[in-house]
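For reference, the structure discussed in these notes is given below.
The values are calculated or read from the model by the stated rules, or taken from the named source; none is laboratory data. A quick note: this is a predicted structure, and the numbers were derived from the prediction, not measured. In this analysis, Cβ positions are derived from the backbone assuming ideal geometry, glycine residues included, and neighbour counts consider all displayed protein chains.
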Amino acid sequence: MSGDILQRFSIFSLNVKHLSRFPRFSDLTPSSLPLPSPTVTASQVPLLFREPYILSGYRPIQQDWRCYLLSLFQRHNESLNVWTHLLAAVVLLIRWWANVDALGYTLDAASLPLSLFLVSSFTYLFFSVTAHLFQSHSEHAHYFFFFMDYVGVAVYQYGCSLGHYFYTSQPAWRESCVGLLFLPGAVFFGWLSCAGCCFAKARYRRPYPLRRKICQIIPTALAYLLDISPVAHRLFTVSWMGEPSLPFHALQIASFLLSALFFSCPIPERFFPGLCDFVGHGHQIFHLFLSLCTVCQLEALFQDYSVRRDTVLEVFGDRQLWWACVSFPALFLGCTLTALITMRHVNRQLQGKQDREK
C-alpha cells in the first residue's frame, strides 16, 4: 500500500513539474509590444491636457497608440473615468439579459424604443471610454475623441426621450403643448447640446472662461428638462402605490442632478489640490452618478414596458413609432457631421499653430 502511495506521489510531482513548464502570460506577450510610460506632472504636458487642481497622473503625449490602450491597466488620472463606464456597460448588459429573460422580450415594433435606449446607452459609454483612454495621444486626438464623446451624449439623450415618451408618459402630458412638440424638440435639443459642446471645446482655450461652461451646460440642460418632462409629470400626478417604476425614475433624476453638480464644479479637488489626482476627483464622481442614472433608467423603463408593451402600437400607431425611431440614426449622423465639421476647423487652427512654431 505504501508503495502505491509513493508511486502516486511521484506521478503527482512529475505533473507539477510539467505544469511549471507552461508558458506564463508575460511569455505570451510579444516582446515588441510597447509599454505605457510612467505618468508625469501637469507641467510636463501641454496646457490643453491639464485639468484644474489635478497636479499629477498625466500620461505623456505622442506615445504609441497601443500604449494608451494598455494604459487601461495603468494607474493614471483617467483610469477610473474609463473603468466606471466600462463596468457600467457590463452591469447594463447583465440587467438587460435578466429583464429580457423575465419578461419574455421579443424584438418587435413595440419594443424598438427600449432597444434603442440600450443602444444609445452603449453608444455614450463607448465614446466616453474611447475619449478618456486615447485623448492624451495628441491635441488632434484630444479634440476628435471628445467631439465624438459629445455625439454619444446627444444620442443617449434622444434614446432616453424615446423610452420616456413611449413607455412612461401619461395621456394628459402627451396632449399638452410640450407633449405635442416633444419628439421633434428632443431631436433638436439633442443636436444643439452636441453642437454647443463642440463649439465650446473648439472656441475656448485654457484656462477656460465661464462662457465655455455656459455654452456646454445651457443646451444640455434644456435637452434634459425636455427629456425628463414626461417622467416628472408622472411622478407628481400619479400615486406611487402599485407603480414599481416610479422609485427608479426618482433615483435616476436624483443621480443625474448629482452628476450635473460634479460635472459643473471641480469638487472636491478644488479644496484638496493634488490629493484627488488618481481617485476622488469630480469627473470620476460625475461618471459614477451618471452610470447609476443609466442603470436606474433601464430598470424603470423595463417596468413601464412590461405594463404598456401590449398597448404601445394601439396608443401611438405605427407611423409615429417608426418616425421616432428613424430619427435616431438621423440624429447620430447629424451630430457626427457637426463634430467632423468642427474638427475640420480645429485642424486648421492646429496646423496654423504648427506653422507659427516652425
Which pairs do you get when a residue that is at positive phi, found in segment 273-296, comes within reach of a residue that is among the aromatic types (F, W, Y), reach meaning Cβ atoms under 9 angstrom, with the pair 6+ apart or on two chains? G274/Y53; G280/F272
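When segment 137-167 is examined, which residues are found to be assigned to a helix (DSSP H, G or I) and polar (S, T, N, Q)? Don't jump to the end; show me each part of the working.
First pass over segment 137-167, keeping only residues assigned to a helix (DSSP H, G or I): 137, 139-167.
Answer for segment 137-167, where residues must be assigned to a helix (DSSP H, G or I) and polar (S, T, N, Q): Q157, S161.
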Scanning segment 80-100 for residues that are of a type in the set (A, V, I, L, M), closer than 17 Å to Y305 by Cα and free of Cβ contacts under 8 Å to residues at least 12 places away in the same chain, which turns out surrounded by the fewest Cβ atoms within 10 Å (Cβ to Cβ)? A98
Pairs with Cβ under 8 Å, 6+ apart, first in segment 212-224 and in contact (Cβ under 8 Å) with a residue 40 or more places away in the chain and aromatic (F, W, Y), second buried (at least 22 other Cβ atoms within 10 Å of the Cβ) and not in a helix (DSSP H, G or I): none
Determine whether Y167 is surrounded by 24 or more Cβ atoms within 10 Å (Cβ to Cβ) and closer than 25 Å to Q349 by Cα. no
From the set of residues in segment 138-155 that are under 18 Å from A89 (Cβ atoms) and free of Cβ contacts under 8 Å to residues at least 40 places away in the same chain, which is surrounded by the most Cβ atoms within 10 Å (Cβ to Cβ)? G152
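Among the candidates L125, L103, L114, L107, single out the residue that is of a type in the set (A, V, I, L, M, F, W, C), over 18 Å from L290 (Cβ atoms) and buried (at least 22 other Cβ atoms within 10 Å of the Cβ). So that I can check it myself, show each step before the final result.
Working: L125 fails: over 18 Å from L290 (Cβ atoms); L103 fails: buried (at least 22 other Cβ atoms within 10 Å of the Cβ); L107 fails: buried (at least 22 other Cβ atoms within 10 Å of the Cβ).
Only one candidate qualifies: L114.
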Those residues of segment 50-68 which are at negative phi, assigned to a loop (DSSP other than H, G, I, E, B), buried (at least 18 other Cβ atoms within 10 Å of the Cβ) and not hydrophobic (A, V, I, L, M, F, W, C) amount to E51, R59, Q63
Residue check, T29 within 25 Å of S79 (Cβ to Cβ) and modelled with pLDDT of 95 or more: no
